[in-house]
Amino acid sequence: MPYEVDLAVRVEDALDELPPEGRKEVMETIAAALLRPGEWPQPGGWRATLIFGPRSWVWITAFLGGIEVIDIGWAG
């Protein structure tokens with residue numbers, strides 16, 4: 001199954017505001033979320049899921065082709 005990550009404009013803006021280590025960790029958290037489809041919410045619904053990294057989080061929703069990143073955060 002091919003995966004797709006659609007980074008909304010506000011997520012791209014948030015990534016740009018992070019220092020390099022924060023940007024790297026958030027992108028690693030997004031990659032980890034892609035590898036754990038069992039944790040995704042049911043596709044096509046209004047549910048979302050938080051995926052946590054060591055100092056980051058990614059809020060996602062799912063659709064049949066993959067996930068959509070709603071928001072990100074880094075506590076570094």
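One residue stands out among those in the stretch 1-33 that are over 21 Å from Phe63 (Cα atoms) and assigned to a loop (DSSP other than H, G, I, E, B): the one that is modelled with the highest pLDDT, which is Pro19.
Scanning the stretch 24-73 for residues that are in contact (Cβ under 8 Å) with a residue 40 or more places away in the chain and more than 12 Å from the chain's Cα centre (by Cα) turns up just one, Gly65. Restricting Arg55, Arg36, Arg47 to residues that are open to solvent by 20 Å² or more (accessible area, probe 1.4 Å), at pLDDT 85 or above and among the basic types (Lys, Arg) narrows the list to Arg55.
The values are calculated or read from the model by the stated rules, or taken from the named source; none is laboratory data. Note that the structure is predicted; figures quoted are calculated from it, not measured. Note that we place each Cβ from the backbone using ideal geometry, even for glycine, and neighbour counts take in every protein chain shown. With ligands, DNA and RNA removed, areas are computed over all heavy atoms of the protein, side chains included. Shrake-Rupley method; radii C 1.70, N 1.55, O 1.52, S 1.80 Å.
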